[in-house]
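The values are calculated or read from the model by the stated rules, or taken from the named source; none is laboratory data. Predicted, not measured: the structure shown is a model, and the values here were computed from it. Please note: Cβ atoms are built from the backbone with ideal geometry, for glycine as well, and neighbour counts cover all protein chains shown.
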Amino acid sequence: MKTSCIDGLRGVLAGHHQRRIIAARLLRLGAGVTLALGLLVACTATRFAYNQAPTLSYWWIDRHADLDALQAERAREDVGVFFQWHRRHALPSYAELLRHWQAMALADVSPDQACEQFETIRLQLERAASETVGPFARLALTLSPAQLEHLKRRQGKSNEEFEKDFLRGSPQQRLSRRLDKAVDRSESFYGALSTEQRKLLRGLLQQSPFDPQRALAERLRRQADLLQTVRDAQATPAKAEQIVREHIARLGRSPAPGYSTYSDAMVRAGCAQFAALHGSATPEQRANAVRTLKRYEDDLRTLSAQR
């Protein structure tokens, strides 16, 4: 597979959708590893990647929070417990979803059907996110001012990457970068796309409501929200878990005026994009998608049994 673990499955359902904002965040601690690794089912080496996920997740946290020795020990324990739960309870659900998609892949799929699958994933990831509330709250209560400054600097670096990907260059250059990623995601399931299919994708991306400036503004809001969540938890430790739950809820439904409407429009556009591309797929491409999904399903069932 050519694309990242997360981009694979999400790309099939939501195409160019900017919810990559959600995908790579553990110091959205409640949503980060949960959401990013919750969809760790689309890797070429799924089993190896998943078995390494606890270690990689810990490294991610440490890189963002600069943990001390006691924090590091507890973080390793919490990450391990989460993945024990995830292997036992989440992977079987993902495997069933992949089995269902194999049947769907043989026929045309409407935008509404694609959005139904997107919603199924969202609900499953919300369930996984709830498992991280306790660990997030415990870590938040121990973070020092210096560690929060370290986190803020890491946020700034990630924003530079976002700007590089989505805001730099001419409109045509930005569109070309998005098209390259969309093609990679699609070819990871269907195999090589035809010239006409690439033109179709390009046209769909041109019609997309995606607004990188708006996405960046929401990104900055979420980052500030995270820092404030830690401060609020430290100010009222007895309510730390409640404060964390509220933070995670705001990740899923932004309080920023108009953003929920924009986000919903992005989801609908992504569903329509998938339906249109899938409608253009040849029997051979659909068969390739079924084989790919079956391979992922088998990997997840094997991983779930390895306890």
Has the range 22-35 got at least one residue that is modelled with pLDDT of 50 or more, under 30 Å from R268 (Cβ atoms), of a type outside the set (D, E, K, R) and assigned to a loop (DSSP other than H, G, I, E, B)?
no
Flag for R286 being in contact (Cβ under 8 Å) with a residue 24 or more places away in the chain, within 18 Å of A107 (Cβ to Cβ) and not polar (S, T, N, Q):
yes
For the list (1) touching a residue at least 60 places away in the same chain (Cβ under 8 Å); (2) more than 21 Å from R301 (Cβ to Cβ), I need the number of the one condition that R87 fails.
(2)
Against the condition within 30 Å of A281 (Cβ to Cβ), surrounded by fewer than 16 Cβ atoms within 10 Å (Cβ to Cβ), touching a helix residue (DSSP H, G or I) at 6+ places or on another chain (Cβ under 9 Å) and small (G, A, S), how does A107 come out, does it pass?
yes
Within the set of pairs 6 or more residues apart or between chains, which connect a residue that is part of a helix (DSSP H, G or I) inside the range 133-149 to a residue that is at pLDDT below 95 with Cβ atoms less than 6 Å apart?
V133/G30; F136/L29; F136/G30
Take the conditions crowded, with 20+ Cβ neighbours inside 10 Å, closer than 24 Å to S263 by Cβ, among the polar types (S, T, N, Q) and in contact (Cβ under 8 Å) with a residue 40 or more places away in the chain and apply them to T46. Does it pass?
no
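For the range 160-185, give me each residue that is in contact (Cβ under 8 Å) with a residue 12 or more places away in the chain and either of a type in the set (G, A, S) or farther than 16 Å from R214 by Cα (or both). Please lay out each step first, then the result.
Start the filter on the range 160-185 by keeping residues that are in contact (Cβ under 8 Å) with a residue 12 or more places away in the chain, which leaves 162-163, 165-167, 174-175, 177-179, 181-185.
Once the filter is applied, which keeps residues that are in contact (Cβ under 8 Å) with a residue 12 or more places away in the chain and either of a type in the set (G, A, S) or farther than 16 Å from R214 by Cα (or both), the range 160-185 yields L175, R177, R178, L179, K181, A182, V183, D184, R185.
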Restricting to the range 221-259, name every residue that is in contact with a Ser or Thr (Cβ under 7 Å, 6 or more places away or on another chain) and modelled with pLDDT under 95.
R253
Among the candidates L227, L205, which residue alone is within 20 Å of F274 (Cβ to Cβ), over 19 Å from the mean Cα position of the chain (by Cα) and among the hydrophobic types (A, V, I, L, M, F, W, C)?
L205
